[in-house]
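The values are calculated or read from the model by the stated rules, or taken from the named source; none is laboratory data. Everything numeric in this text was worked out from a predicted model, so none of it was measured. All Cβ positions, even for glycine, are placed from backbone atoms using ideal geometry, and neighbour counts span all protein chains on display.
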Amino acid sequence: MNHKWLEWAQKLQAIAQNGLTYNESPFDRERYQQVRQIAAEMISTYSNVESSYILDLFSREVGYATPKVDVRAAVFNSDKILLVKEKVDGSWTLPGGWVDIGESPSNAIVREVYEESGYETRVVKLLAVYDRNHSRHGHPPLEFHIYKLFFQCELIGGSPKTSIETEEVAFFGEQEIPNLSLSRVVPSQITRMFEYYRNPDQPTDFD
């Protein structure tokens with residue numbers, strides 16, 4: 001799925017954010033604000049989301065513009081993979097979420113798995129680093145540029161427990177994967193996690 005308009009809008013937003021970070025000229029800052037407005041209008045036009053909402057999201061971003069980092073865990077038990085059901089869309093995903101400032105990716109994924117599923121885990125290996133924008137993955141468009149880090153995590157304790165974000169927790173075999181929350185994970189990525197489970201010596205996948 002190719003969303004060239006989204007790539008252009010994200011690049012314009014990055015130019016605007018970097019310009020507003022490093023330029024003190026009131027005339028240039030006004031131009032960068034206009035560039036940010038154009039980026040918000042581009043996304044609004046193609047996504048049916050109000051441009052004011054997009055502009056507000058962009059305005060909260062400060063400092064040099066870089067991709068955000070999302071972490072996801074592949075936790076297996078008896079040949080089945082752990083999934084959690086999101087309250088927001090009623091679909092399933094690998095447990096995970098944003099890495100917080102000051103937090104390492106491995107600590108973030110252990111925290112996210114516990115918060116969303118109730119299970120305690122230990123990070124074993126970085127399996128994949130994917131650019132969410134890449135057409136090979138087929139995620140629906142999102143306003144921010146995101147890198148997705150997939151970790152293999154070993155189950156070491158805990159018990160199934162839902163959270164403020166999740167309403168079900170379960171393990172699924174490869175042939176029984178339920179409807180996925182495609183904004184978070186897509187079928188090809190689940191398939192790739194099972195490939196790593198069967199062949200753990202494969203090198204890290206990327207892009």
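Summary of computed values
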read-out: Filtered residues of the stretch 55-68 (kept if under 17 Å from the mean Cα position of the chain (by Cα) and surrounded by fewer than 17 Cβ atoms within 10 Å (Cβ to Cβ)); value: Leu57, Thr66, Pro67, Lys68
read-out: Search result, residues across the stretch 1-24 that are charged (D, E, K, R) and either surrounded by 13 or more Cβ atoms within 10 Å (Cβ to Cβ) or touching a His at 6+ places or on another chain (Cβ under 7 Å) (or both); value: Glu7, Lys11
read-out: Single residue of the stretch 101-131 satisfying the filter (hydroxyl-bearing (Ser, Thr, Tyr) and farther than 30 Å from Ser52 by Cα) that is surrounded by the fewest Cβ atoms within 10 Å (Cβ to Cβ); value: Ser104
read-out: Residue count, the stretch 91-119 (criterion: free of Cβ contacts under 8 Å to residues at least 12 places away in the same chain and either closer than 13 Å to Leu180 by Cβ or in a loop (DSSP other than H, G, I, E, B) (or both)); value: 5
read-out: Which numbered condition Arg136 misses (of (1) assigned to a loop (DSSP other than H, G, I, E, B); (2) under 23 Å from Lys87 (Cβ atoms); (3) among the basic types (Lys, Arg)); value: (2)
read-out: Any hit, the stretch 129-149, residues being modelled with pLDDT of 95 or more and farther than 29 Å from Leu12 by Cβ; value: no
read-out: Condition check for Ala128: in contact with a Cys (Cβ under 9 Å, 6 or more places away or on another chain) and either assigned to a strand (DSSP E or B) or free of Cβ contacts under 8 Å to residues at least 24 places away in the same chain (or both); value: no
read-out: Residue in the stretch 45-62 that is modelled with pLDDT under 95 and under 30 Å from Phe172 (Cβ atoms) present; value: no
read-out: Qualifying residue in the stretch 70-77 (condition: out of contact with any Leu (no Cβ under 8 Å at 6 or more places or on another chain) and either surrounded by fewer than 18 Cβ atoms within 10 Å (Cβ to Cβ) or more than 30 Å from Glu176 (Cβ to Cβ) (or both)); value: no
read-out: Candidate set from the stretch 132-163 (those that are among the charged types (D, E, K, R) and surrounded by 16 or more Cβ atoms within 10 Å (Cβ to Cβ)); member that is farthest from Glu195 (Cα to Cα); value: Glu143
read-out: Flag if Gln202 is free of Cβ contacts under 8 Å to residues at least 60 places away in the same chain and either closer than 20 Å to Lys148 by Cβ or not in a loop (DSSP other than H, G, I, E, B) (or both); value: yes
read-out: Selection status of Phe27, surrounded by fewer than 18 Cβ atoms within 10 Å (Cβ to Cβ), of a type in the set (A, V, I, L, M, F, W, C) and either touching a strand residue (DSSP E or B) at 6+ places or on another chain (Cβ under 8 Å) or in a helix (DSSP H, G or I) (or both); value: yes
read-out: Single match in Gln189, Gln175 (criterion: surrounded by fewer than 17 Cβ atoms within 10 Å (Cβ to Cβ) and under 19 Å from Trp92 (Cα atoms)); value: Gln175
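Let's see how each residue does on (1) in contact (Cβ under 8 Å) with a residue 12 or more places away in the chain; (2) assigned to a helix (DSSP H, G or I); (3) more than 30 Å from Glu120 (Cα to Cα):
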{"residue": "Ala16", "(1), (2), (3)": "yes, yes, yes"}
{"residue": "Arg36", "(1), (2), (3)": "yes, yes, yes"}
{"residue": "Tyr53", "(1), (2), (3)": "no, yes, yes"}
{"residue": "Tyr64", "(1), (2), (3)": "yes, no, yes"}
{"residue": "Phe76", "(1), (2), (3)": "yes, no, no"}
